[in-house]
Amino acid sequence: MSHKVIVPIGPYHPLQEEPEFFQLYVEGEKVVDIDIIIGYNHRGIEKLAEAKHYDQVAFLVERICGICSSSHPNAYVLAVEDILGGEFNMVPERALFIRTIIDELQRIHSHLLWLGLAGHFIGYNTVWMWAWKYREPVLDMFEMITGNRNNYAMFKVGGVRRDIKAEDIPIVKKALDELMPALDLFRGAVMDDPVIQARLKGIGILTKQQAIDWCVVGPTARASGLSMDVRRDEPYGAIDRVDWNVIVEQEGDVFAKTVVRILEMYESVRIIRQCLDKIPSGQIDADVKEIPPGEGIGRVEAPRGECFHYIKSDGTNRPVRHKIRAPSFMNVASNKVAAVGGTISDATITLAAVDPCYCCTERVAVINKSDNAKVMNGWDLIKLSQEKTKQLKDEIARKGI
Amino acid sequence: MDTKEKIKEVLGKKIIAWHEHSPRRIYFSIDPKDIVEATTLLFKDLKMRFSIASGTDTPEGMEILYHFSLDQTGEFYSVRVMLEDKKNPRIDSITPLFEGAEWIEREMWELLGIDFVGHPNLKRLLLADEWPEGEYPLRRK
């Protein structure tokens, strides 16, 4: 008895994160237009926040994204602390260091996640497996410190919810030491590999002017020559107590975006190491009781770019307005210029290069412009992308480079 | 001349109110008809980055804050406009100036019912197709 069941995972599948639907219009090999349709997972969180009190909202916004789940609560508490006073400096020093450690650990795990997916899309499944393998110890650090691999519930207005225990610090340091050889491996595997260079250079280019006009943020902007990073421009947490560099590349192609993310992981390791050395003892919470009327803006550099929260308070225990803008809101739209004009075999990696999420490229449909017939789905596109890498690999091997 | 002085000089009397919450948080109010001029000044001439806009249904009318970031200094400028006709709020679109404003204006159009005059592609962004016409989820009853 055989009964075939087909499970359609459409663009509105609510369990996956950031469902977007890209409809590519192609003429032969060339992408001539793209429709980006979002909103499948719109949960009305801004409206929901108006019905929660200030302590609850931190938990609510943590659930916006499972990958950068500390960026939203971080930006939210900064917005509320901005209402409390432009020069609000009641947050204890130790809490600031803990905030930055969590923020940077998150950046490492997020960039490794992206690196793995990018590897998969171009047919480097070993990179995929290794990147995710080395991401696990980072998640273990989160589990040890916060009790959870994602959704850490660390942030609260005026401080953090739990301390990093003294005995945990050497364990985190050791995990970072063990991560370094893995980062070296990825840097070598990506930056010195002629096939990856041939595959990723010159595709999906977002020029500097386009990056300005589309107002992109984060690694997407920094790979196009825009030197912007909220951590440097408006320091928060303990980031201004340590030495680190903003990574900027000029080319704006997928290779540049990859390089930015790989090098940023080194900076994150540097930041965490210094924080662990310099973390002072003391309180971790300023115990804020009341939020006065007013308005505040909080922004942090999430792994994907500037994450923005705006809070308006009328003096009650609930915000009257909470505006949230995640970095992908600005970055995804820029695919309209980055993907159009390229070939369909480059489309998957170009769409993925702004680091939306896994499901995004799975919801791709390719439409032949002449007769409007659907010709491909997301998996076909990934296969096409992997085949192109294989051809390049063979070509380069033949030439004996 | 620093950026704050430059804005005050160029916009002059068009600035209705100016408030510095902190050295990095600058709010100023203008008449809705001046939004394109103010945006041109901040985005094109002063090379600020458009971060986002946020619309709020207030008792006085529909309020929009346009947030611009001066990344070189960390200053964050929020331009406030109040659309007093709450039934038919209208304002000129800033999307013709740069593409980065397209999505957020579409979002405010569908969630708050604000009409952005001159927007090249004013259609739904987040709401489902079946959502009833004329129902704006972020408007207060």
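Remark: mean inter-chain Cβ contacts per residue of B:56-69 equal 3, using a 10 Å Cβ-Cβ cutoff to other protein chain atoms. Each of A:PRO280, A:VAL230, A:MET191 was scored by the projection of its Cα onto the charge dipole of the range A:45-330, and the greatest displacement toward the positive side belongs to A:MET191; charges sit on the C-beta of Lys, Arg, Asp and Glu. Distance between the pseudo-spin-label points of A:ASP192 and A:ILE45 (7 Å out from Cα toward the beta carbon): 4.1 nm. Modelled spin labels at A:ALA373 and A:ASP240, positioned 7 Å past Cα toward Cβ, are 6.2 nm from each other. For the residue pairs A:LYS257/A:LYS390; A:LYS312/B:LYS141; B:LYS4/B:LYS87, alpha carbon separations beyond 28 Å are given by B:LYS4/B:LYS87. Straight Cα distances below 19 angstrom link A:LYS173 to the lysines A:LYS133, A:LYS165, A:LYS278, with same-chain residues fewer than 8 positions distant left out. Would you please state which residues of the range A:153-196 a label at A:ASN89 would reach in this model, taking the label point 7 Å out along Cα→Cβ and a backbone N cut-off of under 18 Å? The answer is A:158-159, whose backbone nitrogens lie closer than 18 Å to the label point.
Compute the FRET efficiency between A:ASP380 and A:ASP140 as 1/(1 + (r/R0)^6), taking r as their Cβ-Cβ distance and R0 = 45 Å, and round to the nearest 0.05. The value I calculate is 0.80. Working note: Cα atoms of chain A, range along each principal axis, descending, whole Å: 64, 58, 44. Of the chymotrypsin sites (Phe, Trp or Tyr not before Pro) found in the range A:178-258, not one falls in a DSSP loop while having at most 16 other beta-carbon atoms within 10 Å. Our helix-only sum for chain A, with -39,500 (n - 2.57) per DSSP H run of n ≥ 4 divided by its residues, gives a mean residue ellipticity at 222 nm of -15000 deg cm²/dmol. For chain B, what class follows from the C-alpha gyration tensor (a ≥ b ≥ c being the square roots of its eigenvalues): rounded when a/c is under 1.5, otherwise prolate if a/b is larger than b/c, else oblate? Prolate is the answer for chain B, as a/c is 1.5 or above and a/b outweighs b/c. Write out the GluC sites (Glu not before Pro) in the range B:63-111 meeting two conditions: DSSP loop, and at most 12 other Cβ atoms within 10 Å of their Cβ. Passing sites in the range B:63-111 are B:GLU84.
Could you tell me how many degrees, from 0 to 90 and to the nearest 10, lie between the Cα long axis of helix B:102-112 and the main elongation axis, the longest principal axis, of the Cα atoms of chain B? Helix B:102-112 and the main axis of chain B meet at about 60 degrees. Extension gain, A:LYS278 to A:GLU27, is 84.6 nm, computed as 0.36 nm per intervening residue step minus the present C-alpha separation.
Taken residue by residue and averaged, Cβ atoms of other chains lying within 10 Å of the Cβ of B:106-118 number 1. Computing FRET efficiency as 1/(1 + (r/R0)^6) for A:ASP35 and A:GLU167, where r is the C-beta to C-beta distance and R0 is 60 Å, gives about 0.65.
Across peptide A:320-328, the average count of Cβ atoms from other chains found within 10 Å of a residue's Cβ is 4. Loop only per DSSP, at most 15 neighbouring Cβ atoms within 10 Å: give me the GluC sites (Glu not before Pro) in the range A:82-139, ordered by residue number. In loop regions of the range A:82-139 (DSSP not H, G, I, E or B), the sparsely surrounded GluC sites (Glu not before Pro) are A:GLU87. Summarising the label geometry, the points placed 7 Å from Cα in the beta-carbon direction at A:GLN250 and A:ARG398 lie 3.4 nm from one another.
All of the numbers you see were taken from the coordinates with simple rules; none came from a lab. All figures in this text were calculated on a predicted structure; none of them were measured in a lab. With ideal geometry, Cβ positions are generated from the backbone for all residues, glycine too; neighbour counts draw on all protein chains shown.
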